[in-house]
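What follows is a set of notes on a single structure, which appears directly below.
What follows is calculated from the coordinates using simple rules that are stated; it is not laboratory data. What you are looking at is a predicted structure, and each value in this text was computed from that prediction instead of being measured. Glycine gets a Cβ as well: all are built from the backbone with ideal geometry, and neighbour counts include every protein chain shown.
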Amino acid sequence: MKSAAFDYVKPKALQEALSLLEQGGDDVQLIAGGQTLLATLNMRLSEPTVLIDITDIAELKGISVVGNSLRIGALVTHTEIEDSELVAKHAPLLKAAAPHIAHRAIRNLGTWGGSLAYGDPAAEWPACSLTLRATMIIHGPAGERRISAKDFFIDLYTTSLEPDEILVATEIPLADKHEVFYFHELARRHGDYAVAGLAALAQKQGDVLTNCAFTFFSVGATPMMATKAQDLVNGQTLSAELIAKAVAEARNEIDAIADITNSAEAKQHLIGVLLERGLKHMVA
Amino acid sequence: MELNGEQLISAPIPDVWKGLNDIDVLAKSIPGCEEINRISPDEIHAKVMFKIGPVRARFAGKLLLSDVVPDQSCSMAFEGSGGAAGFAKGKSRVELKQAEGGTLVSYTTEASIGGKLGQIGGRLISASAKKIADDFFQRFAKELGGETVALESDAGGK
């Protein structure tokens with residue numbers, strides 16, 4: 001199938017894109033990598049009248065270190081993240097997660113900002129941004145605003161982005177030498193959406209983990225943090241007993257939703273499997 | 001797909017019942033509702049713009065009410081077609097019960113979704129349905145001047 005007819009504009013400046021977005025109202029749609037949107041258009045599940053291609057806007061590009069943060073522009077592709085030395089050094093969790101995103105051809109085009117703004121609960125980047133305590137930098141008619149990842153993802157495919165706003169970049173605190181992480185997803189085949197996944201991060205000193213962040217994805221309407229399990233683990237010697245407690249707590253506090261092939265119970269079980277592996281890996 | 005849930009609405013049973021049967025209240029409560037008409041006491045036709053994630057499809061559908069016991073319960077059968085996007089049909093049962101702080105609305109729904117929406121959207125249909133139900137009850141409670149207290153709802157793939 002082919003998409004319905006639409007108009008296409010490619011602004012060079014962020015301000016121009018913002019005013020196009022404001023004028024267009026409900027019928028305009030931003031396009032960056034197009035790895036989700038184009039399929040939707042071709043299937044005619046969505047028929048916007050205007051596409052605003054933002055890929056020429058310089059302000060949305062590039063990876064850089066700004067002060068104590070790693071700034072990743074919204075237009076940075078999954079491949080760029082996978083191959084970036086800055087990412088490998090300052091946010092190694094992202095480098096580990098990138099190969100799990102679909103396949104190389106898709107990663108070459110799909111973007112960091114596109115994935116975050118779309119807010120798919122099974123996607124890797126929303127979960128990683130929560131775990132890494134990222135700050136979203138958003139521009140709209142009123143100028144710039146910043147919001148933490150934990151307040152950004154509201155519900156299924158729903159973020160705090162307003163229809164007249166554009167996600168410009170995110171900032172992630174730089175990793176230090178005590179940082180440990182674990183990223184894994186359980187999927188039938190590589191490149192499929194995970195049945196359940198975990199993006200975990202902590203500070204490690206000996207057998208003690210602190211500042212833990214365990215974000216599960218593909219289990220509910222948004223990526224979900226196991227805050228009670230984190231509190232259990234924080235600052236305690238990580239014994240087999242504590243791991244078992246944390247696993248039980250995570251299974252209890254994350255309210256999994258079934259999908260078409262996997263029951264809520266199966267997902268709940270996998271949450272514990274992932275956390276156990278993650279904790280053992282991070283403390284090893 | 002199955003969707004079952006309970007919502008506590010801080011309004012008395014007769015108000016909730018009246019609201020559920022008032023197409024003006026429904027029009028304001030159903031997310032994306034563009035048009036709603038009562039064809040007969042038991043039949044309602046509606047046009048709804050279904051907007052979730054990547055999907056924006058306009059559904060035209062009808063709702064048939066049966067086993068109506070005022071202030072207590074009713075059953076409904078529904079079917080809708082979203083043109084190129086696909087179709088949905090199913091049945092639902094709604095019961096109202098007096099509860100502390102208002103009215104407890106419990107619902108059970110069985111639905112099947114076909115066409116492209118079913119093929120591609122399958123992965124997240126349950127979560128989408130739950131979100132739409134939650135949105136509906138939130139708006140509905142607001143229309144009645146109350147608020148909802150989410151109890152539990154669970155969506156199961158089937």
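Listing for the model above:
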read-out: Ordering of A:123-135, A:9-21 by packing [mean C-beta count within 10 Å, highest first]; value: A:123-135, A:9-21
read-out: Surface/4 estimate of mean projected area, convex hull on alpha-carbon atoms of region A:182-284, nm²; value: 6.0 nm²
read-out: Prolate/oblate/rounded call for region A:120-218, Cα gyration tensor, a/c under 1.5 rounded; value: oblate
read-out: For region A:58-173, the spread of Cα positions along each principal axis, largest first, Å; value: 35, 32, 26
read-out: Tilt relative to chain A, helix A:264-283 - C-alpha long axis, 0 to 90 degrees, to 10; value: 70 degrees
read-out: Cα-based radius of gyration of the protein assembly as shown once divided by 2.2 N^0.38 Å, which approximates compact folds; value: 1.04
read-out: Exercise: per-residue mean of other protein chain Cβ atoms within 10 Å, A:256-265; value: 5
read-out: Directionally averaged projected area (convex hull, Cα atoms, region A:7-53), nm²; value: 3.1 nm²
read-out: Stretchable slack from residue A:160 to residue A:174, in nm (0.36 nm times residue separation minus alpha-carbon distance); value: 2.6 nm
read-out: For peptides A:50-59, A:105-114, B:70-79, sequence by mean Cβ density within 10 Å, most packed first; value: A:105-114, A:50-59, B:70-79
read-out: Binned Cα-Cα distances of chain B, short to long, each 5 Å bin given as a whole percent; value: 2, 9, 18, 23, 23, 15, 7, 3, 0, 0
read-out: Two-decimal Rg/Rh across region A:13-84, once Rg and the Kirkwood Rh are taken from alpha-carbon atoms; value: 1.05
